[in-house]
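Notes to accompany the following structure.
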Amino acid sequence: MARILIIILSLAGLGIMAYLTYIHYANLQSFCDLTQEVSCDVVTTSIYSEIFGIPVSVLGLLYFAGILALVIFSRRKEIFQAVFLVTLFALIPSLYLSFVELFFIKSICILCETSKVLMLGILIVSFMFIRRFVKINLQLVAPVIIAGLVASGITYFAQVGNVAQEDYSELVACLNEKGVIYYKSVRCSSCRRQEQLLGAAYTKLNSVECHPEGENPQVELCFEKKINKTPTFLLEKDGEEIKRLEGLQQVEELAKFSGCPL
């Protein structure tokens, strides 16, 4: 019975993570984008949606796939102890991300939180099963809890490391002077990360919103300029394109592209 329950919970989690991974890479709007405060899209396009460049949803995908493989391909009852300990470890950074949603992003991803409920379910089911033949004490779980806290700390520093540590106001002013236009989309996760790299200075960058749901959209202009992906940087002179850069760019690449000093 415990095996069946964990399989069901893992399959549900796998489906959620696969969907979140798909919309992350496809830059599509999710069905759970309800309001600014309840939005999977706001969360999954934030700076906190990746760890070392890997989407959190991909890590969730690996977790649920791993748990599913453990309970399907191993018939040993000891495997439930591994399921319990792995889930306990993974749940701690996941709860840190819930804290980030509440206090930093200020928006809740329903699917993300549902996946954590599923993880909690797996934790409870595996615990109820293994307590019959393994004594669960502090000596067993303490190292796992410490490892989970360390992973949370690493996650924090990896994520805030994507935020600009310098003032790029002079660079942005030079980009504007050279005729660089930043084409973006409110639904573009890479645009969010691009803006984090530039810091507060990005608000002064000459920009064009390409998504009809964004602020002051100029969809026809984006079609005219053949903007196929965002972010895109065009170096223009008298309205004519000289050259372009597509995709997320490091600050050094923008300086080199425009001929601006960094």
- Using modelled backbone amide H atoms (1.01 Å from N, in-plane), which distant-in-sequence or interchain residues come within less than 5 Å of Glu50's amide H? Val56
- Task: Kindly write out, for region 85-92 in residue order, the coupling ³J(HN,Hα) from the Karplus curve 6.51 cos²θ - 1.76 cosθ + 1.60 (θ = phi - 60°), rounded to whole Hz, with x marking Gly and Pro.
- Result: 5, 5, 5, 4, 4, 5, 5, 5
- In whole percent, how big is the carbon plus sulfur part of the accessible area of the chain, probe 1.4 Å, protein atoms only? 62 percent
- Grab the DSSP H runs of the chain that are 4 residues or longer, score each as -39,500 (n - 2.57), total them, divide by all residues and round the 222 nm result to the nearest 500 deg cm²/dmol. -18500 deg cm²/dmol
- Once amide H atoms are built 1.01 Å from N in the peptide plane, which residues 5 or more positions from Val180, or in another chain, come under 5 Å H to H? Glu236
- Message: Explain nothing, just compute: Karplus ³J(HN,Hα) = 6.51 cos²θ - 1.76 cosθ + 1.60, θ = phi - 60°, for every residue of region 95-110 in order, whole Hz, x for Gly and Pro.
- Response: 5, 4, 5, 5, 4, 5, 4, 6, 10, 10, 6, 6, 8, 10, 9, 4
- Note on the structure: About its Cα centre, the chain carries a charge dipole, from +1 on Lys and Arg Cβ atoms and -1 on Asp and Glu Cβ atoms, whose size in debye to the nearest 20 is 1680 debye
- Query: In terms of modelled amide H atoms, which long-range or inter-chain residues lie less than 5 Å from the amide H of Val38?
  - Reply: Ile108
- Query: If you build a Gaussian network model of the chain, linking Cα atoms that sit under 10 Å apart, which residue out of Asp41, Asp167, Asp238 swings the most?
  - Reply: Asp238
- Over region 1-143, with a single point scatterer placed on each C-alpha, what log10 of the ratio I(q)/I(0) does the Debye formula yield at q = 0.09, 0.16, 0.20 1/Å? -0.29, -0.83, -1.15
- Taking region 111-262, the whole-percent share of alpha-carbon pairs separated by over 21 angstrom is 59 percent
- Task: Rank by packing, highest mean first: peptides 151-157, 94-100, with packing defined as the count of other Cβ atoms within 10 Å averaged across residues.
- Result: 94-100, 151-157
- Item | For the chain, accessible area per residue (1.4 Å probe, heavy atoms of protein chains only), Å² | 53 Å²
- Note on the structure: So the compactness index of the chain, its C-alpha Rg divided by 2.2 N^0.38 Å, takes the value 1.22
- Message: Among Ile72, Leu111, Gly214, which residue has its Cα furthest toward the positive end of the charge dipole of the chain, with +1 on Lys/Arg Cβ and -1 on Asp/Glu Cβ?
- Response: Ile72
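The values are calculated or read from the model by the stated rules, or taken from the named source; none is laboratory data. On a predicted model such as this, the values are computed, not experimentally measured, just so you know. Ideal geometry is used to build each Cβ from the backbone, glycine not excepted, and the neighbour counts take in all protein chains shown. Surface areas here come from the heavy atoms of the whole protein model, side chains and all, with no ligands, DNA or RNA. Shrake-Rupley method; radii C 1.70, N 1.55, O 1.52, S 1.80 Å.
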